[in-house]
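Just below is one structure, and these are the notes that go with it.
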Amino acid sequence: AVESATLVSLNIDGVEVTVPEGTSVMRAAALVDINIPKLCATDSLESFGSCRLCTVEIEGRRGFHASCTTPVAEAMVVRSQSQALARLRRNIMELYISDHPLDCLTCPANGDCELQDMAGAVGLREVRYGFAGENHLALGKDESNPYFTFDASKCILCSRCVRACGE
């Protein structure tokens, strides 16, 4: 959360919201119960924008913008849902899943997995890419750290672990 005496009003998916200046589009959306898909963003770490799943469209600006790192602006008009965003998010998730082991049923995180949740949220039902190319699926686990085990085959490069250590 950002503290500022200056308030900014914007429109997200047709909903007017007023938040402190410096607030991210993602946080502003969450404050009015608009959930934007995300993988790398978490309230316990600074925004990073690496997963690109939280992209939104901003009226008057070209391209797609990571809502977790984009600060609100006065009179900003944001769309968090569109056909183009849905297609983009499915494609992003498809790339993550193409370099991820398909062992959900035997994985200890099954049912409590953000990757599974987001794949469902963006409507991913199949992966067009084969699993035969270069990937991390055969790499072993690194258990050299007494505080965590690193499994490269399940890493999506969100940098949460690195950011947690750094922050």
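Being among the polar types (S, T, N, Q) and open to solvent by 60 Å² or more (accessible area, probe 1.4 Å) is the filter here, so list the residues in region 136-167 that pass it. If the condition is that a residue be among the polar types (S, T, N, Q) and open to solvent by 60 Å² or more (accessible area, probe 1.4 Å), then SER144, THR149 are the ones that fit.
Looking across SER24, SER44, SER4, one residue alone is polar (S, T, N, Q), surrounded by fewer than 16 Cβ atoms within 10 Å (Cβ to Cβ) and under 22 Å from CYS158 (Cβ atoms). It is SER44.
When you look at LEU31, is it open to solvent by 70 Å² or more (accessible area, probe 1.4 Å), without any contact (Cβ under 8 Å) to a residue 40 or more places away in the chain, over 23 Å from SER159 (Cβ atoms) and over 13 Å from the mean Cα position of the chain (by Cα), yes or no?
Values: open to solvent by 70 Å² or more (accessible area, probe 1.4 Å): yes; without any contact (Cβ under 8 Å) to a residue 40 or more places away in the chain: yes; over 23 Å from SER159 (Cβ atoms): yes; over 13 Å from the mean Cα position of the chain (by Cα): yes.
Yes; evaluated as a whole, the condition is true for this residue.
Scanning region 77-108 for residues that are more than 21 Å from GLY123 (Cβ to Cβ) and out of contact with any Ser or Thr (no Cβ under 8 Å at 6 or more places or on another chain) yields VAL77, ASP103, THR106, CYS107, PRO108.
Of all the listed residues (GLU74, GLU46, GLU57), the sole one being of a type in the set (Asp, Glu), farther than 25 Å from LEU124 by Cβ, touching a strand residue (DSSP E or B) at 6+ places or on another chain (Cβ under 6 Å) and touching a residue at least 24 places away in the same chain (Cβ under 8 Å) is GLU74.
Would you mind finding the one in ALA109, ALA86 that is open to solvent by less than 50 Å² (accessible area, probe 1.4 Å) and under 24 Å from HIS65 (Cβ atoms)?
On the way: ALA109 fails: under 24 Å from HIS65 (Cβ atoms).
Matching residue, one of ALA109, ALA86: ALA86.
Taking residues in region 110-133 that are within 11 Å of MET93 (Cα to Cα), and partners anywhere that are at pLDDT 90 or above and aliphatic (A, V, I, L, M), the pairs with Cβ atoms closer than 6 Å and at least 6 places apart or on different chains are MET118/LEU39; ALA119/MET93; VAL122/MET93; LEU124/MET93. Condition check for GLY63 on (1) under 28 Å from VAL8 (Cβ atoms); (2) in contact (Cβ under 8 Å) with a residue 12 or more places away in the chain: one failure, at (2).
If you go through region 7-16 one residue at a time, how many are surrounded by fewer than 19 Cβ atoms within 10 Å (Cβ to Cβ) and either of a type in the set (A, V, I, L, M) or in contact with a His (Cβ under 7 Å, 6 or more places away or on another chain) (or both)? Break it down stepwise before answering.
If we filter region 7-16 for residues that are surrounded by fewer than 19 Cβ atoms within 10 Å (Cβ to Cβ), which is where we start, we get 7, 9, 11, 13-16.
Going one step further and asking which of them are either of a type in the set (A, V, I, L, M) or in contact with a His (Cβ under 7 Å, 6 or more places away or on another chain) (or both), we end up with 7, 15.
Total meeting the criteria: 2.
Of the residues making up region 39-58, those that are over 20 Å from CYS113 (Cα atoms) and either of a type in the set (Gly, Ala, Ser) or part of a strand (DSSP E or B) (or both) number 5. Taken over region 112-135, residues that are over 18 Å from the mean Cα position of the chain (by Cα), open to solvent by less than 80 Å² (accessible area, probe 1.4 Å) and not hydrophobic (A, V, I, L, M, F, W, C) amount to 3. If you go through region 47-72 and keep only what is within 17 Å of LEU157 (Cβ to Cβ), open to solvent by less than 10 Å² (accessible area, probe 1.4 Å) and polar (S, T, N, Q), you end up with just THR55. The numbered conditions (1) open to solvent by 90 Å² or more (accessible area, probe 1.4 Å); (2) under 22 Å from ARG160 (Cα atoms); (3) at pLDDT 90 or above are all true for GLN81 except (2). Identification of helices (runs of 4 or more DSSP H) wholly contained in region 83-167 with 1 or more residues that are among the acidic types (Asp, Glu) yields 83-98, 114-121.
The values are calculated or read from the model by the stated rules, or taken from the named source; none is laboratory data. Values in this document were obtained by computation on a predicted structure and should not be read as measured data. When we count neighbours, we look across all protein chains shown, and the Cβ atoms used for this are built from the backbone with ideal geometry, even at glycine. Note: accessible area is taken over every heavy atom of the protein model, side chains too, but ligands, DNA and RNA are not part of it. Shrake-Rupley method; radii C 1.70, N 1.55, O 1.52, S 1.80 Å.
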